[in-house]
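Here the structure is laid out as structure tokens; the discussion comes afterwards.
The values are calculated or read from the model by the stated rules, or taken from the named source; none is laboratory data. What you are looking at is a predicted structure, and each value in this text was computed from that prediction instead of being measured. Heads up, the Cβs are rebuilt from the backbone with ideal geometry, glycines too, and the neighbour counts pull from every protein chain shown.
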């Protein structure tokens, strides 16, 4: 399965064409995509217009949605953050640590446009869709 990060969804709904939104467009309807509760909240809170919110919500509700955080995953995410910090890397956003940790733990790939995930790929084995 492939989890799509908010960074790609934002570009997608803004009509931005790049490699990641093209890949997302190819994968929609394939049954291989899923979203997470935190991604859903982060994405939907950004819409100003009600019509845009409803359109995005409808599309997002067509995808399986997983709970990205629980006690065990929160602890594992803290461990990942600490491992990276020991290597001299500090990830800027906790939500990115949680998303990456979920994907690593559940053997899911991540489609993203956020440079913060590169360290998870490099040091912790995050699978990334290109």
Open item on the list: Kindly evaluate residue 38 against the criterion of being closer than 27 Å to residue 123 by Cα, assigned to a strand (DSSP E or B) and at pLDDT 95 or above.
Closed with: no
TODO: May I ask you to list the residues in segment 67-92 that are closer than 23 Å to residue 42 by Cα, touching a helix residue (DSSP H, G or I) at 6+ places or on another chain (Cβ under 7 Å) and in a helix (DSSP H, G or I)?
DONE: 73, 76, 77, 80, 81
- [ ] Looking for whichever is at pLDDT 95 or above, exposed (fewer than 13 other Cβ atoms within 10 Å of the Cβ) and closer than 22 Å to residue 14 by Cα here; the options are 86, 113, 49. Which one fits?
- [x] 49
Open item on the list: Quick check on segment 116-130: of everything there that is part of a helix (DSSP H, G or I) and farther than 18 Å from residue 27 by Cβ, which residue is modelled with the lowest pLDDT?
Closed with: 116
